[in-house]
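The values are calculated or read from the model by the stated rules, or taken from the named source; none is laboratory data. Everything numeric in this text was worked out from a predicted model, so none of it was measured. Using ideal geometry, Cβ is built from the backbone for each residue, glycine included, and neighbour counts are taken over all protein chains shown.
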Amino acid sequence: MATKHNLNYNYEEILKCHPEMILISESPVTWQGFLLVSELYSTMNIRCSRVKVKLVMPNYPSFDKARISFGKHIAFLRNIGFSREVKKSMKTQQKTVSLFLSQLQLLIGKYIHNTSSKVCIPFDFESTTNFLHDIKAALQNQSDVQLSCDRNLSTIKLSLREIFLTLQRCKDIDIPWKVVSSNMPENFEKIVLSKNLNIMTTKFKWQVEILERAWEQLKEIDENCWVIDPPKPNKSHMHRRIHLSQSISITITIDPVAPTVVPTIQFSGSDNEVKRQMEDVSNNIHNWNPDYNILDNLRMLLNMYTFPEQQDNLDDSQGVISNRECGICFSETSETDELPNKICNNYKCMKYFHSVCLSKWLQTNATNQVVFSHIYGNCPHCKEDISCPIEC
């Protein structure tokens, strides 16, 4: 099975070496895009071609049963000799995707050089000339934004104070760019997009400056609270799940444009604790002051003026944070990358579950009752009463 860590690591590595290859699917792991291949016709004449490639790896990171295909304009690469060499390269042990693609570049280049059939890559002179003028204007803009571009002028990267946005040119007339990768919050990269690169650079700088205040608020939470999720927060994460006690946690999602207003709040834990905390929130919410920082407001809201400090080596008897696996699927994260958010009310049990897992479990018993979109039944472990929202 592919892990997020492995995929993210490979994505960064591949982006450096093969900027036009994109991860389009995680199940099965599939890379698609273009490889830049040098065609050497003489010692003084080198031309670069873009060869369309699709690599499907059902057993990632292993190349076992991997499949590869190429664009129609290089059908000559489907000969037996070429296919044999590609399969041989795949079978080499301890090979990364990036290394395989690099070897594939050399192999394609060799076959292009040795064949009488040449790859015909259309070249839009007017579009490229206009883009060069656009880049020149953006570089002359007195801005702190760093602008970099790949050698084929198809991918650009904007970066400012550890924030980046990588874009790839496309054929869209209105917005000729699509987002390849970014560590900005979701949807913010779309605000930056523009037909004019100079305008896009300015908008990128504005958005980073707007987000600075939100990142300051979240940094204070990271430094003063026990953050369960995300495990390693980055600039794109606008939520934090905070450990409050052995039986309850709170997830807040802030508005990146107005980070000190009341955030979206969700409690995870036993029914009794969730009910008690919700009552505190209802009683104190009118005291929320957007002129104060979000951490001080949370202390007031939860009647909790000190948050628990993070502990590392807890054993299972200490509750929700010690063993993060769901008591039904035995995985830490669900299919939607969520941590378990439901805890048994029985303090001698305190097993916790993904809501979706618990919902499916409870629905297998036809005698369990459904009231107001919640299903009520017994804990799979201790048989005490438990409930959760109906998950479709």
Only one of Ser236, Ser249 is among the polar types (S, T, N, Q) and over 25 Å from Val208 (Cβ atoms). Can you tell me which?
Ser249
All positions within segment 39-74 that are modelled with pLDDT under 85, part of a strand (DSSP E or B) and either more than 18 Å from Ser89 (Cβ to Cβ) or under 26 Å from the mean Cα position of the chain (by Cα) (or both):
Glu39, Leu40, Tyr41, Ser42, Asn45, Ile46, Arg47, Cys48, Ser49, Arg50, Lys52
Check whether at least one residue in segment 199-213 is in a loop (DSSP other than H, G, I, E, B) and either touching a Cys at 6+ places or on another chain (Cβ under 8 Å) or in contact (Cβ under 8 Å) with a residue 12 or more places away in the chain (or both), and report yes or no.
no
Is it true that some residue in segment 266-280 is surrounded by fewer than 19 Cβ atoms within 10 Å (Cβ to Cβ), within 18 Å of Glu220 (Cα to Cα) and over 24 Å from the mean Cα position of the chain (by Cα)?
no
Which numbered condition His237 fails, given (1) under 23 Å from the mean Cα position of the chain (by Cα); (2) over 19 Å from Glu162 (Cα atoms)
(2)
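From the set of residues in segment 274-318 that are touching a Lys or Arg at 6+ places or on another chain (Cβ under 9 Å) and hydroxyl-bearing (Ser, Thr, Tyr), which is modelled with the lowest pLDDT?
Start the filter on segment 274-318 by keeping residues that are touching a Lys or Arg at 6+ places or on another chain (Cβ under 9 Å), which leaves 305-307.
The next check asks that each one be hydroxyl-bearing (Ser, Thr, Tyr); those that pass are 305-306.
Numbers: Tyr305: 80, Thr306: 85.
Across segment 274-318, the extreme among qualifying residues is Tyr305.
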Which of (1) free of Cβ contacts under 8 Å to residues at least 12 places away in the same chain; (2) in contact with a Cys (Cβ under 9 Å, 6 or more places away or on another chain) does Ile242 not meet, given it meets every other one?
(1)
Does segment 222-235 include one or more residues that are assigned by TED's automatic domain parsing to the domain that holds Gln266 and of a type in the set (Lys, Arg)?
yes
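Quick one: would you say Pro256 is surrounded by fewer than 14 Cβ atoms within 10 Å (Cβ to Cβ), under 24 Å from Asp337 (Cα atoms), under 29 Å from the mean Cα position of the chain (by Cα) and not assigned by TED's automatic domain parsing to the domain that holds Ser355? Step through it out loud before you land on a result.
Details: surrounded by fewer than 14 Cβ atoms within 10 Å (Cβ to Cβ): no; under 24 Å from Asp337 (Cα atoms): yes; under 29 Å from the mean Cα position of the chain (by Cα): yes; not assigned by TED's automatic domain parsing to the domain that holds Ser355: yes.
Spelling it out, it is not the case that Pro256 is surrounded by fewer than 14 Cβ atoms within 10 Å (Cβ to Cβ), under 24 Å from Asp337 (Cα atoms), under 29 Å from the mean Cα position of the chain (by Cα) and not assigned by TED's automatic domain parsing to the domain that holds Ser355.
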